[in-house]
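See below for the structure under consideration.
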Amino acid sequence: MNSLGTQLSAGAPVLPTALALSSSARWVIGVVGLVLIIVISAALTQLTKDPVQFPVTNVDVLGTVDYVDRAELKQIVNRYAGRGFYGLDIDDIRQSVEALEWIASARVSRVWPSRIEVHIEEHEPAARWNDDSLMSKRMVMFQPRQLQPDSPRYQQWRDVFAPLPQLRGADGRHSELLDSFRAYELELEPFGIGLKVLDEDERRSQSLELSNQVTVRLGYEDRELRLQRFVDVYPRFLNAIEKPVGESIEAATVTFDMRYSNGFALGGISGAQPLESLQLNSSRLVQRPLQ
């Protein structure tokens, strides 16, 4: 029997056996393969970052935009768009957009093949704070450029925000004052008069300016009790406070000073002496206000 027959009868393989690789050869092949993978990955990464091959062709601003300039937003994003669709940093764009004073939050995303979407949420103004700031409904303080005196449309924007509640006070007191403002509004609502300004000085002494040109001084003690006292006596002076149609009324011409333990002082009503002291449930004339 020939050699082939001998191999078949013995069950030996007909094809030649693959050469066994040494451990050093396998190690070299593995290293070469790893290097190739790294080189290819780096080349692909560099390619995707090429702004010519993968440009940003469109920037969309989404969300309700009442106060932010859409053109300004797009200009901010375009500063990063030159890096290409894959080369730009999404977080960098988001942080730059959120740095705008009117932006409460922003979300930036890529939309293949070449569009960037910017989803924004603006602050919703709830009140004016001092002369140059606003407070959002989330109790965030911010200073819009529209209320800065050097703004070309300063007076126009002041008129836009004029219907908002006006709060004045020290830093850090905005949240408490807004809560007080809302509580005072509820007390005054039955009379059909609004609260325009809540002013608190450095001693936390409060004064209210009402929509009918009346000022109510509450001081810094027992303010809820003093406001209730004003609510009780106010109807007695309605006829005197109301002005004839066409008569000029200066701001805060009528003043109720409620900073007395058993009375109040009234000023600015025609026929009454300024800050005339009136008694409430007491025969003793109050000489000076408390705080």
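The values are calculated or read from the model by the stated rules, or taken from the named source; none is laboratory data. Predicted model, so just to flag it, every value in this text is computed and none were measured. We place every Cβ from the backbone using ideal geometry, glycine too, and count neighbours over all the protein chains shown.
A few notes on this one:
- Taking segment 55-77 as the range and being in contact (Cβ under 8 Å) with a residue 12 or more places away in the chain and of a type outside the set (Val, Ile, Thr) as the test, the residues that pass are 55, 58, 60, 62, 63, 66, 67, 72, 73, 74.
- Filtering segment 109-123 to residues that are more than 18 Å from residue 54 (Cα to Cα) and either in a strand (DSSP E or B) or modelled with pLDDT under 95 (or both) leaves 118, 119, 120, 121, 122.
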